[in-house]
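Below: the structure, in structure tokens.
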Amino acid sequence: MALQSFVEVKPDSHFPIQNLPYGFFKPEPSSPARPGVAIGDYVLDLSEIAKAGLFDGPILSVSDCFLQPNLNKFLAMGRPAWKEARTTLQKLLSSTEAALRDNASLREKSLFPMDKVEMVLPIAIGDYTDFFSSMHHAKNCGTIFRGPQNPIPANWFHLPIAYHGRASSIVISGTDIVRPRGQGAPSGNSPPSFGPSQKLDFELEMAAIVGPGNELGKPVDVNEAADHIFGVVLMNDWSARDIQAWEYVPLGPFLGKSFGTTISPWIVTLDALESFACDAPNQDPHPLPYLAEKISKNYDIPLEVQIKPAGQQDSCVVTRSNFNNLYWTLTQQLAHHTINGCNLRPGDLLGTGTISGPEPDSYGCLLELTWNGQKPISLNGTTRKFLEDGDEVIFTGCCKGNGYNVGFGSCSGKIVPSPP
Ligand SMILES: O=C(O)/C=C/C(=O)CC(=O)CC(=O)O
Ligand SMILES: [Ca+2]
Ligand SMILES: [Mg+2]
């Protein structure tokens, strides 16, 4: 019989005792944010568990990491602390353990209905990098932006390509996204266009959250890179394709991407994902030794995107993909990021890149799904080439285990009009 909690967990819940993802929440709008783990339809307040002395293992009993304004201190402590926390919390929440189950006043103080709390960003994100690691996405974007001859650049198969994103505009799921204004390519002899983006898009991604990180000048070995990844979130790298297409040569994405990036509130740990690990794709050509890992892992995480069109009640599925469509692994991405000596710090965010699958109904953005607006998609009796004001985009991800799920909840955002 699988491990069970005394807290009721419905069969389709994303958050059984096997998951225990970390977030930050405010029980009331005016209360300070504190760390929590999700369990069923509840959030367990880790600051209360810490104050009650229930983190009694050797590392956490002498740490104030759950009394901080974000998870960064806990992230910096590394895998031994993360493992100890998981063991303690699984024990505390299990149906056979009395310490919390039979302590009504502590339960009252520490368990909050999830639909009553406000989730906030769980980490201070110093730096955000976005990779480009789905071959299908790279091929489709290359074909659309640069033409069908050699759509995938030669370097793509030798290194996980990335650009430096903007950390300041990363927001938590549920935050509105203001349609960006910017320049578009000139047509004929006229000057560039300027105004609200006409090609606003989502990008279906996930992102790794960095743990201890490395000292400047000391790269992380690819075979030790997993110890630097605390967990994973859903991520929407909102993209303005018209701004992007005009600005990105020669230095890469800038204002077409930096106006907003949404992440889901719950960080699912690599430990919780371990049961869903699968083989990463065979890499041909074989990567250079610093990227060749002894065990090359992906995770089987089914992903789905829905759009709720402006003014409508119901949302409509527009794509289904899977994390296992990535060519470069999270650990290769992290090792590559540090190979030149660049230091990663606790709380840094590493986007995977858009996760497109091979089939048209598994493409990870509207640029691909509508082939740059040439083939509008239909949604509940209306159509879309790109996003319109009032549209809400909702990502979900959920691993299906034997009798339980390990899910990510959702990552959503609604488009609001550009400023006048
Ligand atoms: O191929 C291009 O020129 C552009 C690609 C992207 O916009 C994708 C990007 O941000 C990286 C990714 O999400 O895979
Ligand atoms: Ca992206
Ligand atoms: Mg972005």
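The values are calculated or read from the model by the stated rules, or taken from the named source; none is laboratory data. Computed from a prediction, not measured in an experiment: that's the story for all the values here. Cβ sites come from the backbone with ideal geometry, for glycine too, and all protein chains shown count toward neighbours. In case anyone asks, the SASA skips ligands and DNA or RNA and just uses the protein heavy atoms, side chains included. Shrake-Rupley method; radii C 1.70, N 1.55, O 1.52, S 1.80 Å.
For residue 319, what residues show an amide H to amide H distance below 5 Å, using hydrogens built from the backbone and excluding near sequence neighbours?
305
Could you check which residue among 389, 176, 314 shows the biggest mean-square fluctuation in a GNM of the chain with a 10 Å Cα cutoff?
314
Which percent of the accessible heavy-atom area of the stretch 28-93 goes to carbon and sulfur, probe 1.4 angstrom?
Numbers: 1530 of 2750 Å².
Carbon plus sulfur share of accessible area: 56 percent.
Among the DSSP beta bridges whose two residues both lie in the chain, what percent are antiparallel, rounded to the nearest 5? Mind dumping the intermediate values first?
On the way: 65 of 73 bridges.
Close to 90 percent.
Given the options 192, 69, 253, which has the most mean-square fluctuation in a GNM of the chain, springs set between C-alpha atoms less than 10 angstrom apart?
Highest fluctuation among the options: 192.
Taking θ = phi - 60°, what integer Hz values does the Karplus form 6.51 cos²θ - 1.76 cosθ + 1.60 yield along the stretch 222-232, in sequence order, with x for Gly and Pro?
4, 7, 10, 5, 4, 6, 9, 10, 6, x, 9
Counting alpha carbon pairs within less than 8 Å and at least 6 residues apart, what relative contact order, in whole percent, applies to the stretch 102-236? Please list the in-between numbers first.
Details: 108 pairs, mean separation 23.2, N = 135.
With pairs under 8 Å counted, the relative contact order is 17 percent.
Would you mind classifying the stretch 1-127 by shape? Square roots of the alpha carbon gyration tensor eigenvalues, ordered a ≥ b ≥ c; an a/c under 1.5 is rounded, otherwise it is prolate if a/b is larger than b/c and oblate if not.
In terms of gyration-tensor shape, rounded.
Any chance you could tell me what percent of the C-alpha pair distances in the chain go past 35 Å?
Numbers: 24565 of 87990 pairs.
Value for the chain: 28 percent of Cα pairs lie more than 35 Å apart.
Any idea of residue 378's accessible area? Nearest 10 Å², probe 1.4 Å.
Roughly 90 Å² of residue 378 is accessible to a 1.4 Å probe.
Report Rg (one decimal) and Dmax (nearest whole number) for the stretch 96-253, counting Cα atoms only, units Å.
21.6, 76
Run the helix sum for the chain: -39,500 (n - 2.57) per DSSP H stretch of 4+ residues, divided by residue count, reported at 222 nm to the nearest 500 deg cm²/dmol. Intermediate results must be reported in sequence, preceding the final value.
Working: 10 runs with 74 residues, N = 420.
Theoretical 222 nm ellipticity from helices: -4500 deg cm²/dmol.
Check the straight Cα-Cα distances from residue 218 and name the lysines below 22 Å, setting aside those fewer than 8 residues away within the same chain.
List returned: 73, 294.
Rounded to the nearest percent, how much of the accessible area of the stretch 322-391 (1.4 Å probe, protein heavy atoms only) is carbon and sulfur?
Numbers: 1040 of 2340 Å².
Summing carbon and sulfur atoms, their accessible area is 44 percent of the total for the stretch 322-391.
Given the C-alpha centroids of the stretch 335-382 and the stretch 101-170, what is the distance between them in whole angstrom?
Centre-to-centre distance over Cα atoms comes out at 9 Å.
Given the options 333, 312, 90, which has the most mean-square fluctuation in a GNM of the chain, springs set between C-alpha atoms less than 10 angstrom apart?
Its mean-square fluctuation being the largest, the pick is 312.
So which lysines pass the test for residue 139, namely a Cα distance under 24 Å, with those fewer than 8 places away in the same chain ruled out?
199, 257, 297, 375, 385
Kindly write out, for the stretch 117-130 in residue order, the coupling ³J(HN,Hα) from the Karplus curve 6.51 cos²θ - 1.76 cosθ + 1.60 (θ = phi - 60°), rounded to whole Hz, with x marking Gly and Pro.
9, 9, 8, 10, 4, x, 9, 8, 9, x, 9, 10, 10, 10
What list of ³J(HN,Hα) couplings, whole Hz, do you get for the stretch 294-302 from phi and the Karplus terms 6.51, -1.76, 1.60, once you set θ to phi - 60° and write x for glycine and proline?
Each residue's phi maps through the Karplus curve to give 5, 10, 10, 10, 10, 10, 8, 10, x Hz.
Using amide H atoms built in the peptide plane, which far-off residues or other-chain residues are under 5 Å from residue 132 H to H?
Here the answer is 161, since their amide H atoms fall under 5 Å of that of residue 132.
Please give the per residue accessible area of the chain, computed with a probe of 1.4 Å over protein heavy atoms only, in Å². Provide the component values of the computation, followed by the final result.
Values: 18030 Å² over 420 residues.
Result: 43 Å² per residue.
Collect residues whose amide H, placed 1.01 Å from N in the peptide plane, falls under 5 Å from the amide H of residue 379; neighbours closer than 5 in sequence don't count.
Close amide H contacts, sequence-distant or interchain: 384.
Tell me the relative contact order for the chain as a rounded percent, counting alpha carbon contacts under 8 Å between residues six or more apart.
Values: 991 pairs, mean separation 88.9, N = 420.
Relative contact order, the chain: 21 percent.
Run the 1.4 Å probe and let me know the accessible area of residue 210, rounded to the nearest 10 Å².
Number for this one is 0 Å².
Towards the positive end of the charge dipole of the chain, with charges on Cβ (+1 Lys, Arg; -1 Asp, Glu), say which of 256, 114, 285 has the farthest Cα.
Going by the charge dipole, the pick is 256.
Which shape class, rounded, prolate or oblate, goes with the stretch 312-360 when its Cα gyration tensor gives a ≥ b ≥ c as root eigenvalues, a/c under 1.5 marks rounded, and past that a/b bigger than b/c marks prolate? Numbers along the way, then the final one.
Working: a/c = 4.77, a/b = 2.03, b/c = 2.35.
The shape class here is oblate.
How large is the accessible surface of residue 136 in square angstrom, using a 1.4 angstrom probe and rounding to the nearest 10?
50 Å²
Calculate, in nm to one decimal, what residue 320 and residue 56 gain on full extension: separation in residues at 0.36 nm each, minus their alpha carbon distance. Kindly include the intermediate steps, with their values, before the conclusion.
On the way: separation 264, 0.36 × 264 = 95.04 nm, distance 4.23 nm.
Computed gain between residue 320 and residue 56 is 90.8 nm.
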